[in-house]
Amino acid sequence: MGASKAKSFATTLLFFLAIASYTSPSSALRDLASGASTEFIRTSCSKTSYPQLCFSSLSSHAAAIQTSPQILASTALDVTLNDACSASAMMANLSRSQGLKPREAAAMQDCVEELSDAVDELRRSIAEMKDTKGRDFERKISDVQTWVSAALTDQDTCSDGFAGKSMDGKVKTVVRARIVTLSHLTSNALALINAYASLHG
């Protein structure tokens, strides 16, 4: 009986070793690919204005991005759009707050409109980026660059509406802090789009 158990154990051990020999190479390849993708994102982000934010916002998408400049730029746009939608919803809620000063209320309303425009421009950019591998690359990528630049301008206009000492207070601090993050994401996305465009120059 002891010999039988020993034989059974040996067979089981061999089975698991065989399975391991098949799975380890593929696992190692996945790790290697993931490492290459992460390094590609880090290197690409190092050329943006806000590299740490760029990497932290995109590294979780490494499996999808791999080492594709187009997917990297498109993903950066997706991340930026999500943040723009979040910021837009936040500003809309703030604009309905009680106790806003007249100038704050007016600036907030302008900000809501500016962010709404920015969201539309980012959506158009994302749709166009999906088709840049076709014909008219230069025209399409130029449109994308124009729309993302316009979105960045809209965000700056929103923030500028809270300039001046008369606007000092909690609302100004909250708005400007929120818009800064969005503007940095948009700037990074534009830098990655420009880098992608330069590959076709």
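Report yes if some residue within the range 58-69 is under 19 Å from the mean Cα position of the chain (by Cα), closer than 30 Å to residue 171 by Cα and either among the aliphatic types (A, V, I, L, M) or surrounded by 14 or more Cβ atoms within 10 Å (Cβ to Cβ) (or both); otherwise report no. Yes, the range 58-69 contains at least one residue that is under 19 Å from the mean Cα position of the chain (by Cα), closer than 30 Å to residue 171 by Cα and either among the aliphatic types (A, V, I, L, M) or surrounded by 14 or more Cβ atoms within 10 Å (Cβ to Cβ) (or both).
Could you go through the range 137-150 and let me know if any residue there is surrounded by fewer than 22 Cβ atoms within 10 Å (Cβ to Cβ), touching a residue at least 60 places away in the same chain (Cβ under 8 Å) and either of a type in the set (S, T, N, Q) or assigned to a loop (DSSP other than H, G, I, E, B) (or both). Checking the range 137-150: not a single residue is surrounded by fewer than 22 Cβ atoms within 10 Å (Cβ to Cβ), touching a residue at least 60 places away in the same chain (Cβ under 8 Å) and either of a type in the set (S, T, N, Q) or assigned to a loop (DSSP other than H, G, I, E, B) (or both). Considered as a group, the residues in the range 153-173 that are part of a loop (DSSP other than H, G, I, E, B) and on the phi < 0 side of the Ramachandran plot include one that is modelled with the lowest pLDDT, and that residue is 168.
Would you pick out the residues in the range 39-51 that are farther than 12 Å from residue 185 by Cβ and outside any loop (DSSP other than H, G, I, E, B)? Outline the logic, then answer.
Start the filter on the range 39-51 by keeping residues that are farther than 12 Å from residue 185 by Cβ, which leaves 39-44, 46-47, 51.
Those that are farther than 12 Å from residue 185 by Cβ and outside any loop (DSSP other than H, G, I, E, B): 39, 40, 41, 42, 43, 44, 51.
Within the range 79-104, being surrounded by fewer than 17 Cβ atoms within 10 Å (Cβ to Cβ), charged (D, E, K, R) and part of a helix (DSSP H, G or I) holds for one residue alone: 103. Screening the range 105-114 for residues that are touching a residue at least 60 places away in the same chain (Cβ under 8 Å) and in contact with a Ser or Thr (Cβ under 9 Å, 6 or more places away or on another chain) and picking the one that is surrounded by the most Cβ atoms within 10 Å (Cβ to Cβ) gives 111. The residues of the range 151-167 that are touching a residue at least 24 places away in the same chain (Cβ under 8 Å), under 26 Å from the mean Cα position of the chain (by Cα) and over 10 Å from residue 111 (Cβ atoms), listed by number, are 151, 152, 156.
Does any residue of the range 73-81 turn out to be on the phi < 0 side of the Ramachandran plot and either over 13 Å from the mean Cα position of the chain (by Cα) or modelled with pLDDT under 90 (or both)? I'd like the intermediate steps shown before the answer.
Taking the range 73-81 first, the residues on the phi < 0 side of the Ramachandran plot are 73-81.
With either over 13 Å from the mean Cα position of the chain (by Cα) or modelled with pLDDT under 90 (or both) added as a condition, the list becomes none.
Checked against the condition, which is being on the phi < 0 side of the Ramachandran plot and either over 13 Å from the mean Cα position of the chain (by Cα) or modelled with pLDDT under 90 (or both), the range 73-81 yields no hits at all.
The values are calculated or read from the model by the stated rules, or taken from the named source; none is laboratory data. Just so it is clear, the model here is predicted, and its values are computed rather than measured. FYI the Cβ positions are ideal-geometry reconstructions off the backbone, even for glycines, and counts take in every protein chain you see.
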